[in-house]
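Here's the structure we're looking at; comments come further down.
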């Protein structure tokens, strides 16, 4: 049973790794209902649903620390959340890391991610509910709970065009917020890179042994429900 799960998990990893290298693609969706009955978890193991964010436009992002394209765009998403923080808008970045919260917290601390909250997709249930096929993938969900845009691959979240797309789906007549992007200065002194080759590479993908040990029960023991549904959330 464990071997079958491990093989399936390895196939998913291979698919996601290949998909993450594809060119960015933005697709308009005709107001498809966003699945709202599948829970995701914060760093304390508390479950959440997207319905908690009613009245806000959401950018639901699927990512992982082992996905190079994901780790590249997470700081940009952090700045997007900072720039849009006064608007009825929230970015929900849900990690697919099989090692759970510890590796996510380590990445957030190392890269000084300050404006995004830590969320984890226990057993990839949210991933499956949204039929995601590659990382990174994001969905823009309007205040009515409808998916209106999907973003596949690495997106330039500093782009004025992308930001206008998002802003057009945020309720209210809001001016475009300040863009925190800072272009590199021509006079900037470039320090020599003394890091080792290993340090400059994306986080390695897990070995088979690591997957066997860490592929499932990776969240801390915080009363994870057997079925992550709204009904269970209400009972708790």
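Throughout, read-outs are computed from the coordinates displayed, never taken from laboratory work. Everything numeric in this text was worked out from a predicted model, so none of it was measured. FYI the Cβ positions are ideal-geometry reconstructions off the backbone, even for glycines, and counts take in every protein chain you see.
Here is how the numbers come out for the structure above:
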item	result
DSSP bridge orientation in region 42-135 - percent antiparallel, rounded to nearest 5	10 percent
Cα-projected label distance for residue 86 with residue 173, points at 7 Å along beta-carbon direction, nm	1.8 nm
